[in-house]
Amino acid sequence: MQGHPLTEITRPRHILPIIILAQFLGTSTWFAGNAILPELQSEWLLSDYALAPLTNSVQWGFISGALLFGFLALSDRISPRVLFFLCATLCGASSLIISNSAQTLDQVLWLRFFSGMMLAGIYPVGMKIATGWYPQGLGRALGYLIGALVLGTATPHLLSSLPNTSWREVMALVGVAAVTGGALILCFVPDGPNLTQGAPINLRALAEIVRCKPLRAAVGGYLGHSWELYAMWALAPIWLLAWNQSHEQSLNSAFWTSMIIATGAFGCVVAGIWSRTYGSLAIAKNMLIVSGICCLVSPLMMLAPIWLVLPFWFIWGFSVVADSAQFSALSAQTAPSSVLGSALTLINALGYVTTALAVELIAVLIGTVPVGWLAWCLLPGPILGIWSLRSLKQSTEVTASA
């Protein structure tokens, strides 16, 4: 489909806000399993190891969905807005089924896996919808959309922190939110005039990822970032609860976890603005350095007072995800054009495989390693990322305004 330029005057002003809101509502189911874990542990007598399957059931579902949708080129065969609506509705329905009917952990895990598959039709497809409307300002839109994903991730923790809110009510609320997000896209966002046809996944892109040195460096940075990101989000409530117990405080760990994760949405937007001046490569490197320092000093912060602990976590929450859009930009710019779509899909899948492995490691070590020291397991991520990006030159930069 041949695109044509679309000016700010002729582009409806409501398009981007609706896409952002729908992305936020649709992804609010993503970390719901982690948010309800403490209640499930109490009600169903689950061990701390339940953290890994509850988190990774969604991650593996997303990986499977992303690859399946890519191989079938579903977003080209079906209108992206219709696909978004269908996936958001089914994702919401699976959360509502958990809310109303789930009685065992296995039931929750299978439904969460299905939710992850449907999220592959929300997050990436939302990006494609935005591309159809904002071909000249995609970097800015990308930052907003990833920010919406981060806010959606924080939402279940916020809901679970509310007084007298049960885990079933949390799942019901995020389920309704996802269905609403899908309806917003279907009703108010038509397919954009610059929507382009993609191509099914070409496995030759794997060879290109290995062979192309700039792309390999960008992917290495992204995988380092991925090793830290979701595991840090999963660790935050556990760390805050352990700090509570050691200091005999009554800090609301669910509420502050939601605020810490939500800070990352602000980080995505600010990093996008900064990258217009300093470039994506510089921002990605510096955010990895900051988050790596946070990993390093995490054990010391377990001994710190509240007035140091919360700023520390806000800085970590800001930096750990602020570079996400910048890695997307670097990968898109360095990938050979002949396999661009396939390369980005496969890179995304590799990133989520990495997140699942990191979360699994954290879950295995809970109970054998002091919680304050668990963040050191994440430190190899920023180190690998910084080391990998060293070979990328400034000339390969992509700014957020691209």
- [ ] Looking only at segment 379-389, decide whether some residue is modelled with pLDDT of 80 or more, more than 15 Å from Ser226 (Cβ to Cβ) and either buried (at least 16 other Cβ atoms within 10 Å of the Cβ) or among the acidic types (Asp, Glu) (or both).
- [x] no
Open item on the list: Testing Ile36 on (1) modelled with pLDDT under 90; (2) in contact with a helix residue (DSSP H, G or I) (Cβ under 9 Å, 6 or more places away or on another chain), one condition comes back false. Which one is that?
Closed with: (1)
- [ ] Determine if segment 70-91 includes at least one residue that is farther than 28 Å from Leu184 by Cα, among the hydroxyl-bearing types (Ser, Thr, Tyr) and in a helix (DSSP H, G or I).
- [x] no
- [ ] Please tell me if Phe312 is modelled with pLDDT of 95 or more, surrounded by fewer than 19 Cβ atoms within 10 Å (Cβ to Cβ) and out of contact with any strand residue (DSSP E or B) (no Cβ under 7 Å at 6 or more places or on another chain).
- [x] yes
Task: Per-region count, segment 120-155, residues of a type in the set (S, T, N, Q) and modelled with pLDDT under 85 - done: 2
TODO: Would you mind finding the one in Leu45, Leu67, Leu74 that is in contact (Cβ under 8 Å) with a residue 12 or more places away in the chain, over 16 Å from Met127 (Cβ atoms) and among the aliphatic types (A, V, I, L, M)?
DONE: Leu67
TODO: Output the number of the condition that Ala148 fails; it satisfies all remaining conditions of (1) under 30 Å from Gln41 (Cα atoms); (2) surrounded by fewer than 21 Cβ atoms within 10 Å (Cβ to Cβ).
DONE: (2)
- [ ] Select, from Val369, Val353, the only residue that is without any contact (Cβ under 8 Å) to a residue 24 or more places away in the chain and within 27 Å of Trp313 (Cα to Cα).
- [x] Val369
Open item on the list: Please verify whether Trp227 is aromatic (Phe, Trp, Tyr), in contact with a Gly (Cβ under 6 Å, 6 or more places away or on another chain) and either more than 19 Å from Leu392 (Cα to Cα) or at pLDDT below 95 (or both), treating the condition exactly as stated.
Closed with: yes
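Rundown of residues vs (1) among the β-branched types (Val, Ile, Thr); (2) in contact with an Asp or Glu (Cβ under 8 Å, 6 or more places away or on another chain); (3) within 29 Å of Ile36 (Cα to Cα); (4) part of a loop (DSSP other than H, G, I, E, B), yes/no style:
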position	(1), (2), (3), (4)
Trp256	no, no, yes, no
Lys285	no, no, no, no
Val297	yes, no, yes, no
Leu303	no, no, yes, yes
TODO: Scan (1) basic (Lys, Arg); (2) out of contact with any Leu (no Cβ under 7 Å at 6 or more places or on another chain); (3) closer than 24 Å to Ala322 by Cβ for the single condition Arg211 breaks and write down its number.
DONE: (3)
Open item on the list: Among the numbered criteria (1) under 27 Å from Pro190 (Cα atoms); (2) free of Cβ contacts under 8 Å to residues at least 60 places away in the same chain; (3) not basic (Lys, Arg), which one does Leu109 miss?
Closed with: (1)
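The values are calculated or read from the model by the stated rules, or taken from the named source; none is laboratory data. None of the values given here were measured: they were computed from a predicted structure. Here the Cβ is made from the backbone with ideal geometry for all residues, glycine too, and neighbour counts use every protein chain on show.
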